[in-house]
Amino acid sequence: MPPFTHRKDPVNLRASIALFSHPPQCNPCQDFMETMAKDGAAQEATVTPNKDVSEDNLKGYTVIYVLGGPGSGKSTQCAKIATYFGFCHLSVGDLLEAEVETRSEYGKMIEDCKKEGKLVPSDLVVKLLQQAMQRSQNKKFVIDGFPRNEENRAAAESFMKIEPDFVLFLDCSEEEMKRRLLNRNQGRVDDNISTIQKRLKVYFECTLPVINYYSAEGNVRKIDAERSPEEVFEAIKDVFFELKEKHGETRMTL
Ligand SMILES: Nc1ncnc2c1ncn2[C@@H]1O[C@H](COP(=O)(O)OP(=O)(O)O)[C@@H](O)[C@H]1O
Ligand SMILES: O=c1ccn([C@@H]2O[C@H](COP(=O)(O)OP(=O)(O)O)[C@@H](O)[C@H]2O)c(=O)[nH]1
C-alpha cells in the first residue's frame, strides 16, 4: 500500500505546512526531559507504576490503537468501541489532563505543551499509560491518540512490550477537522485556530509516519471518518468482525 498522505487536500496541506518556519517538533520538550533525567523526577509521585505488577503482565492483552488527526473523531469512536465491544477506553489526552488536575509537578509542563500543541515527552506519557493499563481490570484496550510520534511508538514497544493487534486510522480532511475542533466548544485551551494549526502540523509531520510504519506491516485499517458518527462506527464494526473471523480468539479477543 502506498504511504498515507493527507487525503483530500494535498495542496492545502503543503500550503499550511509552509506557514511554519520552525522544524518539525517530533521530539519536543527536550529541556524538560533533560531535567527529568538529571534529577530522576520521572520516577516520582503520581506517575510511578504499581511496583508489584511487572510489565510482562501487559503481554497477552488485546490492544488497538486509534489514530487520526485532531478532530477526526477518535474519542467519539473509542467511546462507541468501548461500549459495544467491552474494551477499556484509554485516552492519553485525558490521562494527561487528569495528571494536570492532580497538581503534580508535571502539570504545568503538560498544560504548556497542550497550549502550544506540542507533544508531551514519551517517558511521561508511557508511564501514565502503563499505570492506567495495570490498574484496569480489563485486558482489552482501545488506546485513543497514541502513539503520536516514532519516539512514542518505540517507547511503547520497548518499555511496555506492547504492540497493537491493529491500528484504526480515522481519515478526515484538514478542513473538516478544523471545522469540528472550532465547534467542539468544550472550553479546551487547545481548540483555537492558532493551536489547531500547530496540532495539525504535528499530526502531519510526526503521527502520519507512525501510521505509515504500521501500514507497511499491513496492520492499519483505514476508515473514512468524514461521514456521520454512526456511519463511521458501522465501518469500524465491520473491521472488528472481519479481523475476528480472520484471526479467531487467539489474536484478538472480542
Ligand atoms: N463523524 C463526525 N461528524 C461530525 N462531527 C463529529 C464526528 N465525530 C466527532 N465529531 C465531533 O467533532 C469534535 C471532535 O471529535 P473528537 O471525537 O473529540 O475528536 P478527536 O478525539 O479525534 O480529537 C467533537 O465535537 C465531536 O462531537
Ligand atoms: O500521546 C499523546 C496524546 C496527547 N498529547 C497531548 O495532548 C494534546 C491533546 O490530545 P488529545 O488526544 O486530547 O486531542 P486531539 O489533539 O487528538 O484532538 C495534544 O495536542 C498533546 O499536547 C501528547 O502529548 N501525547
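Within segment 161-177, if we keep just the residues that are away from ligand 2 (no atom under 15 Å from the Cβ) and open to solvent by 10 Å² or more (accessible area, probe 1.4 Å), the residue that is nearest to residue 222 (Cα to Cα) turns out to be 165. Restricting attention to segment 203-218, report how many residues are open to solvent by less than 20 Å² (accessible area, probe 1.4 Å) and either over 16 Å from residue 175 (Cα atoms) or more than 16 Å from ligand 2 (Cβ to nearest atom) (or both). Residues that pass the stated criteria total 7. Flag: residue 132 does not match the condition of being free of Cβ contacts under 8 Å to residues at least 40 places away in the same chain, under 25 Å from residue 81 (Cβ atoms), part of a helix (DSSP H, G or I) and of a type in the set (A, V, I, L, M). State whether one or more residues within segment 228-239 are within 13 Å of ligand 2 (Cβ to nearest atom), touching an Asp or Glu at 6+ places or on another chain (Cβ under 9 Å) and part of a helix (DSSP H, G or I). No: zero hits. Scan segment 68-87 for residues that are touching a residue at least 12 places away in the same chain (Cβ under 8 Å) and open to solvent by 30 Å² or more (accessible area, probe 1.4 Å) and jot them down. Within segment 68-87, 75, 76, 80, 84, 86 meet the criteria.
Can residue 142 be described as under 17 Å from the mean Cα position of the chain (by Cα), in a helix (DSSP H, G or I) and under 24 Å from residue 60 (Cβ atoms)?
Working: under 17 Å from the mean Cα position of the chain (by Cα): yes; in a helix (DSSP H, G or I): no; under 24 Å from residue 60 (Cβ atoms): yes.
Taking the combined requirement at face value, the residue does not satisfy it.
Assessment of segment 166-174 against the conditions (in a helix (DSSP H, G or I) and small (Gly, Ala, Ser)) yields no matching residue.
The values are calculated or read from the model by the stated rules, or taken from the named source; none is laboratory data. As the structure is a computational prediction, the values presented were derived from the model and not from experiment. Backbone-built Cβ (ideal geometry, glycine too); neighbour counts: all protein chains shown. Just so you know, the surface numbers come from the protein's heavy atoms only, side chains and all, with ligands and any DNA or RNA stripped out. Shrake-Rupley method; radii C 1.70, N 1.55, O 1.52, S 1.80 Å.
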